[in-house]
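One structure is given below, encoded as structure tokens.
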Amino acid sequence: MTTMTRTTALGGLGEKTSAYHSRCFFCPHFPFLNVLESAEGASKVWRQGANSAPAFCSRSAIQSPRAIASEISTTERTLGVVTVDNVLEDGDKLVKDLKELRAAGVDGVMIDVWWGIIESKGPKQYDWSAYRSVFQAVEDCGLKLQAIMSFHQCGGNVGDVVTIPIPKWVLEIGESDPDIFYTNLKGNRNPEYLTLGVDNLHLFDGRTAVQIYGDYMKSFRENMSDFLETGLVIDIEVGLGPAGELRYPSYPESQGWAFPGIGEFQCFDKYLQAEFKEAATAAGHPEWALPDNAGEYNDTPESSEFFRSNGTYVTEKGKFFLTWYSNKLMIHGDQILDEANKVFVGCKLKLAAKVSGIHWWYEVDNHAAELTAGYYNLKDRDGYRPIARMLSRHHAILNFTCLEMRNSEQSADAKSAPEELVQQVLSGGWRENIEVAGENALSRYDSVAYDQILLNARPNGINKDGQPKLRMYGVTYLRLSDELLQKTNLDIFKIFVKKMHADQDYCPDPEKYNHHLGPLERSKPEISIEDLLEATKAEEPFPWDKETDMSVSGGAGGLVGLLSNLISKILALFK
């Protein structure tokens, strides 16, 4: 489970004071704070980066004509709250942890709803019983919930402490047709998620992959209709790839990848190879093939012919491939989100999709790690704003990662720039007039990390006269864990939640902080690839303040934050 915090601009001083709240959970209108849970129990914190998690939200309202508040939601994401055998494990501990979160001012939790658990017995054989118990516990504790439609495997990525494969009957199809899985140049298969090459092929008991995902979401709506009607479920994050993220599995730890390797292209299954051949032939270049010179998982960019200075990636052939590779990813996300929108249209909730924060090699010209993941992002080409434009047609939130990271904390060898990456992606979303949310990539309990999240949630601070010019819809904290609930860590976490709320008290009514959640509208008409690619024009990000104006380590509670940091550093010396 995860904890989510949302930051919203609500009203100004005087009669509109409550409008300054920001919510804390993964919802479309605010930055959230999500706490995810691990296998050891419902109290574990959610993963970051490559993994997705459940999130809880917490709301705060402005009770006096003070600064605009950001509401914060904490979501606990539990990877193992429901076991691989579809059993709710240790419900008493779950309830205890949920009550702790609620007492901390959290708005809600986010939780993975695993395809590999629900449809494990066979095609269209769904069992929602254990998840109904979890949802009921969340509702009874007065929290809101963001549900992740998790069509990927849990296990093999950062923070995965349990293993939940995709359904056995799907894996059995893969035994006779291994090309249903993403494949690298050497032919290594990745069973984390079905290749987008089978999205529209009737290979699964007569259904396509997209139809499978759509049927699963229909069953969710039918079986969770009461929780949808009561307003418990406020967000549906749609899993679109490995770790639930819209990307290719370019950096799998299960195949030996280690940070900061550039990763590998994942388009060598027979279905994507055939599609590329068709596209190249239609473009007048039947002789072009998929790249065979892009290196291996742990290479550096300059060691590969494809990514080196003036390498293949800047040639006509390289540009054609990278455009095709990234466009396929956008089309994949667009199709599945359209199915989700059809299923949930009319429900009072938001759709969301997660984009991975691949910050390593961002400072070099080739952006190699982003390119292998499917984000065709260069200094003169924006690879993220087209995704935001695609999301806009489905009224969906863009959920991004690595909010807590600072450049100064990264190894110089990785040429990493998480701060600039976050600013670029969030700015692109705001320019497309969509809500943006985010999460931390790694579990952190110090005020430095919390302050960075707060800065990104409100890049120009609170606004005492109206809505903040820039503000995230929500922040998800990863993850809910026994370590987070230790007194020292929990004390500083509570300060963080309070700061996400701009020092305001909890407010259960989102209307009071300008966070109306109306019925989901039907997707807008399909956007052509040409129109999507118009958004690749590079622009400077919006300006960010140097520091947050709601620091966890400053002002009220600052001593607790400073002592917590000191204790953490001392304990780290003995690890």
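The values are calculated or read from the model by the stated rules, or taken from the named source; none is laboratory data. In this text, all values refer to a predicted model and were calculated from it rather than measured experimentally. Cβ: placed from backbone, ideal geometry, glycine included. Neighbour counts: every protein chain shown. Areas reflect the complete protein model, heavy atoms only, side chains present, ligands, DNA and RNA absent. Shrake-Rupley method; radii C 1.70, N 1.55, O 1.52, S 1.80 Å.
Details
- Residue, nearest to ASN190 (Cα to Cα), within the range 276-301, restricted to residues that are within 30 Å of the chain's Cα centre (by Cα) and of a type in the set (Asp, Glu): GLU296
- Within the range 395-419, considering residues that are of a type in the set (D, E, K, R) and part of a loop (DSSP other than H, G, I, E, B), the one least open to solvent (accessible area, probe 1.4 Å): GLU404
- Index of the failed condition, LYS469 passing every other in (1) more than 14 Å from SER551 (Cβ to Cβ); (2) assigned to a loop (DSSP other than H, G, I, E, B); (3) open to solvent by less than 10 Å² (accessible area, probe 1.4 Å): (3)
- Verdict on GLY206 being open to solvent by 10 Å² or more (accessible area, probe 1.4 Å) and either of a type in the set (Ser, Thr, Tyr) or at pLDDT below 95 (or both): no
- One residue stands out in the range 424-466 among those that are touching a strand residue (DSSP E or B) at 6+ places or on another chain (Cβ under 7 Å) and outside any helix (DSSP H, G or I): the one that is surrounded by the most Cβ atoms within 10 Å (Cβ to Cβ), namely GLU439.
- Residue in the range 99-110 that is most open to solvent (accessible area, probe 1.4 Å), counting only those that are over 15 Å from SER481 (Cβ atoms) and either part of a strand (DSSP E or B) or of a type in the set (Lys, Arg) (or both): LYS99
- Within the range 230-249, residues that are polar (S, T, N, Q) have Cβ atoms under 6 Å from residues that are open to solvent by less than 10 Å² (accessible area, probe 1.4 Å) in no pair, counting only partners at least 6 apart in sequence or on another chain.
Residue-wise test of (1) of a type in the set (A, V, I, L, M, F, W, C); (2) open to solvent by 10 Å² or more (accessible area, probe 1.4 Å).
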| residue | (1), (2) |
| --- | --- |
| GLY311 | no, no |
| PHE320 | yes, yes |
| LYS348 | no, yes |
| LYS354 | no, no |
| LEU371 | yes, no |
| LEU378 | yes, yes |
| ARG393 | no, yes |
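- Test: residue in the range 131-142 that is open to solvent by less than 20 Å² (accessible area, probe 1.4 Å), assigned to a helix (DSSP H, G or I), at pLDDT below 95 and among the hydrophobic types (A, V, I, L, M, F, W, C): no
Yes/no matrix, rows are residues, columns are (1) within 27 Å of PRO508 (Cα to Cα); (2) touching a strand residue (DSSP E or B) at 6+ places or on another chain (Cβ under 6 Å):
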site	(1), (2)
GLU100	yes, no
ASP107	yes, yes
ILE118	no, no
GLY122	no, no
SER129	no, no
SER133	yes, yes
LEU143	yes, yes
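- All positions within the range 271-280 that are of a type outside the set (Phe, Trp, Tyr) and within 17 Å of TYR193 (Cβ to Cβ): LEU272
- Residues (crowded, with 20+ Cβ neighbours inside 10 Å and farther than 18 Å from VAL552 by Cα) located in the range 475-510: ARG479, LEU480, SER481, CYS507, PRO510
- Among the residues of the range 159-201, those that are open to solvent by 30 Å² or more (accessible area, probe 1.4 Å) and assigned to a strand (DSSP E or B) comprise ARG189, PRO191.
- Some residue of the range 324-342 being crowded, with 20+ Cβ neighbours inside 10 Å, more than 21 Å from THR401 (Cβ to Cβ), in contact with a Ser or Thr (Cβ under 8 Å, 6 or more places away or on another chain) and touching a residue at least 12 places away in the same chain (Cβ under 8 Å): yes
- Close pairs (6 angstrom Cβ cut-off, 6 or more residues apart or separate chains): of a type in the set (Ser, Thr, Tyr) and assigned to a loop (DSSP other than H, G, I, E, B) in the range 522-534, modelled with pLDDT of 95 or more and open to solvent by less than 100 Å² (accessible area, probe 1.4 Å) anywhere: SER523/ASP338; SER523/ASN341; SER523/ARG393; SER523/HIS394
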